[in-house]
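Down below is the structure, laid out as structure tokens.
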Amino acid sequence: MAVLCSNCAGKLIFNPASQKLECANCGAGFRPEDVRDNGIDVSSKYYDTRVYTCGHCGAEIITSDTESSTFCVYCGNPAIVFSRVSREYRPDGIIPFKITKLQALDKIRSRFENNPIVPKEIAGSFKPENMRGIYVPYWVINADYQEADWISGTVKRGKHSETRYYSRAGEVKFKNVPIDGSRILNDDVSLRLEPFYLEDSKEFDEDYLNGFYSNTSDMDFMDLRESASERCHKLFADEVVKSIPKNVNSVKIRDSIYWADIQDDPIYMMFPVWFLTFKYNGKPYTILVNGQTGKVTGTLPWLQKKIWGIAIATFILVIAFIIASFFIIRGGAPEIITFVWTCGAAALLCTSTICFSVGFRGLRRILKNLRLSQSEAIFNFVKRRQS
């Protein structure tokens, strides 16, 4: 049920900029903790959500009746009507949106709009109507964690390298570890959005959802324990790799045994995320912005021909420079010119090698991010949001 303005009975929408519920009619602002809906039992473990049905395509849209521009996220038609009420488990806390929709768009534009390898027509997709503010479910856990690892690495011995093996084992007490509570949202995506800062969290109040969407956790305790073990393993493994001597190369964890025992009761939270979703050449793309910090994650489609053109042009330039160096040296040029040219050729060759190496690693990273951005699961997550 919508919370109404006490001045004019208009619907109140939460504004991340002011951190207040604001009335679109009279402009009045109220703190969420000062507004109470008499129809809501705040002591209940559950709260009601409202399900709408699109009269055009028949899709179900689950959102609050305070959504200022409610429309079908499947077909874009505004003809949606209330269908039913659904009861969902009440979270323990929530981190309210701090980044507004326009601020999130500005951050996306500043990162991608002037990129020469991104198609220019993509900028037309950076529209407010393509942005969704969604509260993503998280579980915050404390865990007693144990792990044992078998690690390999190579050490140079003159012209040869030898493989060495190491073992590491330990116990850790993890505190306040956030675990993505949705199996639909890829864990790699949720990790890239972090950190979220719990000091900004508030006691859960439905009023913070006004004007936004949210999803509910679809994990049982066994799912949560498995996800907690995987998350703690990543944190532990990072430290294990750092513990290997610096002169060891190609460090790799060959085998691991690990488990996490969740302590106390997990805390059910809602974290804010902006989703920009669109399609390009028939493929879905999703760019995410942390609604608390403004951190952007995701990659846009890129112009492969332009990248290959730059790489080929650079390669030709290097080869031409090397050939010219050969003829200058063989042609009996003055020693100073030969010396300067030789140094320049060596520097160019080294720089090019480094650039190609860094560029290759960067390309792999871009392709991984691109796969996440194109994930149908993420695209569908935005569709399946619940409020």
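The values are calculated or read from the model by the stated rules, or taken from the named source; none is laboratory data. Since we're looking at a predicted model, the values are computed, not measured. We place every Cβ from the backbone using ideal geometry, glycine too, and count neighbours over all the protein chains shown.
Structure values in brief
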item: Residue in segment 244-251 that is farther than 30 Å from residue 102 by Cα and in contact with a helix residue (DSSP H, G or I) (Cβ under 6 Å, 6 or more places away or on another chain) present; result: yes
item: Unmet criterion (only one of (1) in contact (Cβ under 8 Å) with a residue 40 or more places away in the chain; (2) under 30 Å from residue 21 (Cβ atoms); (3) part of a loop (DSSP other than H, G, I, E, B)) for residue 218; result: (1)
item: Matching residues, segment 156-188, being crowded, with 16+ Cβ neighbours inside 10 Å and in a strand (DSSP E or B); result: 166, 168, 174, 177, 178, 179, 180
item: Matching entry among 153, 211 (being part of a strand (DSSP E or B) and assigned by TED's automatic domain parsing to the domain that holds residue 292); result: 153
item: Yes/no for residue 184 being assigned by TED's automatic domain parsing to the domain that holds residue 252, more than 29 Å from residue 35 (Cβ to Cβ), modelled with pLDDT under 85 and among the aliphatic types (A, V, I, L, M); result: yes
item: Filter result for the condition that a residue is small (Gly, Ala, Ser), under 27 Å from the mean Cα position of the chain (by Cα) and either farther than 21 Å from residue 297 by Cβ or outside the structural domain of residue 280 (by TED's automatic domain parsing) (or both), over 148, 143; result: 143
